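In what follows, a single structure is set out as structure tokens and then discussed.
We did not get these values from a lab; they are worked out from the coordinates using the rules stated. Fair warning: this is a prediction, and the values are worked out from it, not measured in the lab. Glycine gets a Cβ as well: all are built from the backbone with ideal geometry, and neighbour counts include every protein chain shown.
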Amino acid sequence: MELENDPELAHFFAFSLDLFAVADQNAFFTRLNPAWERTLGFSLEYLMSKPYYDFVHPDDRDVTIIEKGELASGRAVMNFENRYQAKDGSWKWLSWVAVPQKDGTVYAVARDITQQREEKQQILELLKKLEKTNQQLDHFAFVVSHDLKSPLRAIMNLAEWIMEDLGDQPNTAVEKHIALLKQRVDGMYSMINDLLEYSRVGRTETPTENVDLNELLREITQHLDSPPGFKVVVPAELPHLNARKLEVKHLLQNLIDNAIKYKAKTDGHVRITCKPIDHFWLFEVEDNGIGINPMHHQRIFQLFQRLNPSLGVDGTGVGLALAKRIVELAGGQIWVRSSEGQGASFFFTWPQ
Ligand code: ADP
């Protein structure tokens, strides 16, 4: 039906935001809807006065000619993108669907995707910047941790010299304070070492390998500092992971150590299970310890966050942050299900 004879169709043609075009075999537009003028700024007459190649960005001309060849041989073109010149000198990205007719004419619809492309570009640039900032932060943590060690060493030496100077005039108050000072310095050493470990995880160039978890857990459980009566339950058969062995060791070791550190009674236990789920392994490390109030479930995965310093349990608050980093860099997720006094279950996924 002719457009002129169908006012409804004519309205759609006139008001469409998409650009409609009919082109001939010689690459001239023979009919365009007003969206063209609104998008590019040129009059329709002008756009139809020259081959459409003349409006295409020089860098996109060759691919446009190839697409025209496709149309000439009777094939439709879907989602082809090229840039068209606008009257104000800018370039508009158009995404095309074009269908050839038997007589060689082409019916086409184009959509202005300039803004979409710009937004995508901005996101890519932001991601690049973010990656760079992350690298700088890791580097910063690494350098600072290294540099902090030497003044700490000096403080430790000074403390020892003071003790030596006391020599034959013992002073219990001073000795007590020096002992406390050394304890604090030791704590700070541990924090720095853990921080170094944390920053190393994202920076490592070590390739991944096939890690046999059965063997790894044997290694971990052999050296556990667990009190008598505490049970560590490991499944008979665990999978192999594509991972860095040291990282998986840190991850499991931290979760098991925590189950021991935060036990509630003498007959405590930690039970590890693993099952396949989609393309991941789902691990659970479950204990019957003191548990964690749900309001802290996010916080415990942040650096240096500890909930129970009054328990007098050794720790720096880095273990779970490190575990989270290791799991997430591998493409998995980690979370906890627990409430106070009810034990805790730490879950993590690892790609199969
Ligand atoms: P750290 O054990 O060195 O304090 P983590 O990052 O491993 O640091 O854990 C952070 C905090 O989360 C701990 O201080 C503790 O309060 C809590 N937590 C971790 N694991 C458990 C657990 N299995 N049961 C109860 N609380 C836990």
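Return the percentage of antiparallel bridges among DSSP beta bridges fully within region 205-330, rounded to the nearest 5 %.
Rounded to the nearest five, the antiparallel share is 80 percent.
If the elastic network links every pair of Cα atoms under 10 Å, which of R38, R184, R203 fluctuates the most in the Gaussian network model of the chain?
Answer for the Gaussian network model of the chain: R38.
Work through the residues other than V56 whose Cβ is under 10 Å from its Cβ and net out their charges, Lys, Arg +1 and Asp, Glu -1.
Neighbourhood net charge equals -2.
Can you pull the percent of Cα pairs in region 155-230 with separation above 22 Å?
Tail fraction, whole percent: 59.
Could you identify which residue out of T273, T30, T316 has the top mean-square fluctuation in a GNM of the chain using Cα springs shorter than 10 Å?
Among T273, T30, T316, the largest mean-square fluctuation in the Gaussian network model of the chain belongs to T30.
With a 10 Å Cβ neighbour count serving as the proxy for reagent exposure, in which order, fewest first, do Y189, Y198, Y46, Y52 appear?
With the sparsest Cβ surroundings first, the list reads Y46, Y189, Y52, Y198.
Over 31 Å between Cα atoms, which of K132/K182; K176/K245; K50/K128; K176/K261; K128/K261; K245/K275 qualify?
Exceeds cut-off: K132/K182; K176/K245; K50/K128; K128/K261.
How many percent of Cα pairs in region 104-249 exceed 23 Å?
69 percent
Could you grab the relative contact order for region 82-218? Cα pairs under 8 Å, six or more apart, rounded to a whole percent.
19 percent.
Note down, for region 212-352, the three equivalent ellipsoid semi-axes (square root of 5 times each alpha carbon gyration tensor eigenvalue), biggest first, whole angstrom.
22, 18, 14
Using amide H atoms built in the peptide plane, which far-off residues or other-chain residues are under 5 Å from V318 H to H?
The list, which skips near neighbours in sequence, is F304.
Which chymotrypsin sites (Phe, Trp or Tyr not before Pro) from region 235-338 combine a DSSP loop assignment with at most 15 other Cβ atoms within 10 Å?
For chymotrypsin sites (Phe, Trp or Tyr not before Pro) across region 235-338 that sit outside H, G, I, E and B with at most 15 neighbouring Cβ atoms in 10 Å, the list reads F304.
Read phi for every residue in region 289-297 and hand back ³J(HN,Hα) as whole Hz from Karplus 6.51 cos²θ - 1.76 cosθ + 1.60, θ = phi - 60°, with x for Gly and Pro.
Residue by residue, region 289-297 yields x, 6, x, 9, 4, x, 5, 10, 4 Hz.
Based on the Kirkwood radius over alpha-carbon pairs, what value in µm²/s does the Stokes-Einstein equation return for the translational diffusion coefficient of region 1-136 at 4 °C and 1.567 mPa s?
It diffuses with D of about 79 µm²/s by this estimate.
If the cut-off is a Cα-Cα distance under 23 Å, which lysines reach K265, setting aside same-chain residues fewer than 8 apart in sequence?
K231
Using every alpha carbon pair in the chain, what percent of pairs falls into each 10 Å bin from 0 up to the bin containing the largest distance?
4, 17, 18, 13, 11, 12, 12, 8, 4, 1, 0, 0
For region 1-61 and region 262-298, write down the distance between their C-alpha centroids in whole Å.
Rounded to whole Å, the Cα centres lie 64 Å apart.
If you add up the charges near S345, with Lys and Arg at +1 and Asp and Glu at -1, over every other residue whose beta carbon is less than 15 angstrom from its beta carbon, what do you get?
The answer is 0.
List the residues whose amide H sits under 5 Å from the amide H of L238, counting only those 5 or more places along or on another chain, with H placed 1.01 Å from N in the peptide plane.
Result for L238 returns N214.
For region 263-338, what size does the Cα cloud have along each of its three principal axes, sorted from largest down, in whole Å?
41, 30, 21
Provide, as a two-decimal number, the C-alpha radius of gyration of region 192-238 over 2.2 N^0.38 Å, N being how many residues it has.
1.57
What would the Debye equation give as log₁₀ I(q)/I(0) for region 57-124 at q = 0.23, 0.26 Å⁻¹, counting only Cα atoms as equal point scatterers?
Treating every Cα as an identical point scatterer, log10 I(q)/I(0) equals -1.02, -1.15.
By counting other Cβ atoms within 10 Å of each Cβ, how are F140, F29 ranked from fewest to most?
In increasing order of surrounding Cβ atoms, one gets F140, F29.
Report the calculated FRET efficiency for M163 and F304 (r = Cβ-Cβ distance, R0 = 35 Å), to the nearest 0.05.
The computed FRET efficiency comes out at 0.70.
Can you give me the relative contact order of region 160-245 as a percent, contacts being Cα pairs under 8 Å and 6 or more apart?
That works out to 34 percent.
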